[in-house]
Amino acid sequence: MDPEIRIELAAPDDSVEIGEMSEADIEYGLPWRWTPPRIARAIGNPATNVAVARGPAGLVAFGIMTYADEVAHLLLFAVRASRRRSGVGSALLVWLEDVARVAGIAKIRLEARQDNAPARAFYRKHGYREVAKVLGMYCGIEDGVRLEKDFCAASDSRVKGANQDAARMDIADIVKDNHVRFWRYRQGRLYYAVFVPGRSAEYVFPVPLSELGDITLESREEATRFLRYIRQAMDEGSFVPMPPDRPAAA
């Protein structure tokens with residue numbers, strides 16, 4: 001992927017460009033439903049992640065994922081035609097999946113047009129399987145397919161993949177005069193959160209439970225004490241944005 005492209009959470013000002021991409025690249029031939037105001041609401045929704053791949057000339061890809069209790073739904077995903085087959089789409093999808101794994105998501109679901117062979121092949125390449133075909137899925141005009149990826153069925157559920165966003169961060173800027181806080185425990189790992197000034201957002205990173213003797217579960221700790229864990233997470237691709245809040249199970 002082009003090193004000048006970075007993957008990050010969308011800003012409110014991105015709503016117009018994302019909406020226009022959705023109309024042109026996803027909703028063509030259909031009523032335009034993902035308008036800029038709707039995109040802006042998604043960006044502000046605490047149960048939704050809107051991620052973008054941004055280059056020098058503007059957005060080149062975006063994805064919108066919403067979270068339930070243990071299932072995430074990839075609502076929209078698009079890459080500009082000029083950037084397809086360049087690795088941007090794969091990097092963005094991996095970025096979204098990394099956040100979903102940290103959030104404890106067990107499965108991701110999505111839909112695609114039945115006649116969109118390149119999109120279906122792209123998702124199959126990334127481990128998604130087609131589970132159903134639906135006649136008239138898109139406003140009764142286009143047929144569609146449902147796909148899903150089950151993380152629990154994977155041989156290794158650890159967070160993987162190149163985290164292009166973290167690769168561009170300066171760890172010294174993250175830990176200087178900063179603090180971390182304990183967030184959650186999951187599957188033998190303690191997860192801590194740290195505010196990243198350059199992103200104006202909290203990122204989370206894991207610490208093995210076996211290391212508990214060296215650290216504490218205090219609400220605030222000096223970030224410098226966690227330097228090696230943050231560096232390791234950045235190297236592994238498990239230093240990811242704080243997952244969105246998810247509604248509790250009914």
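The values are calculated or read from the model by the stated rules, or taken from the named source; none is laboratory data. Everything numeric here is computed off the predicted structure, so don't read it as measured data. When we count neighbours, we look across all protein chains shown, and the Cβ atoms used for this are built from the backbone with ideal geometry, even at glycine.
Take Pro56 and tell me if it is assigned by TED's automatic domain parsing to the domain that holds Ile108 and over 23 Å from Arg146 (Cα atoms). Considered against the rule, which asks whether it is assigned by TED's automatic domain parsing to the domain that holds Ile108 and over 23 Å from Arg146 (Cα atoms), Pro56 comes out as yes.
Only one of the listed residues (Ala121, Ala61, Ala53, Ala81) is free of Cβ contacts under 8 Å to residues at least 12 places away in the same chain and either acidic (Asp, Glu) or under 24 Å from Ala24 (Cβ atoms) (or both). That residue is Ala121. Identification of helices (runs of 4 or more DSSP H) wholly contained in the stretch 1-120 with 2 or more residues that are touching a Pro at 6+ places or on another chain (Cβ under 7 Å) and aliphatic (A, V, I, L, M) yields 36-44, 88-102. When the residues of the stretch 121-169 are filtered to those that are assigned to a loop (DSSP other than H, G, I, E, B) and small (Gly, Ala, Ser), the one that is modelled with the highest pLDDT is Gly127. For the stretch 67-88, state whether one or more residues are buried (at least 18 other Cβ atoms within 10 Å of the Cβ), at pLDDT 95 or above and small (Gly, Ala, Ser). Scanning the stretch 67-88 turns up at least one residue that is buried (at least 18 other Cβ atoms within 10 Å of the Cβ), at pLDDT 95 or above and small (Gly, Ala, Ser).
Candidates are the residues of the stretch 7-23 that are modelled with pLDDT of 95 or more and aliphatic (A, V, I, L, M); the one that is farthest from Ala53 (Cα to Cα) is Val16. Counting residues in the stretch 60-74 that are farther than 22 Å from Ala91 by Cα and not small (Gly, Ala, Ser) gives one or more. Within the stretch 105-119, being under 30 Å from Met242 (Cβ atoms) and in contact with a Gly (Cβ under 9 Å, 6 or more places away or on another chain) holds for Glu111, Ala112.
Lys107 meets the conditions (1) under 14 Å from the mean Cα position of the chain (by Cα); (2) more than 17 Å from Ile26 (Cα to Cα); (3) in contact (Cβ under 8 Å) with a residue 60 or more places away in the chain in every case but one. The failed one is (3). Against the list (1) in contact (Cβ under 8 Å) with a residue 40 or more places away in the chain; (2) more than 14 Å from Ile26 (Cβ to Cβ); (3) of a type outside the set (A, V, I, L, M), the condition Tyr128 fails is (1). All told, Pro31 falls short of being farther than 20 Å from Gly127 by Cβ, free of Cβ contacts under 8 Å to residues at least 24 places away in the same chain and surrounded by fewer than 16 Cβ atoms within 10 Å (Cβ to Cβ).
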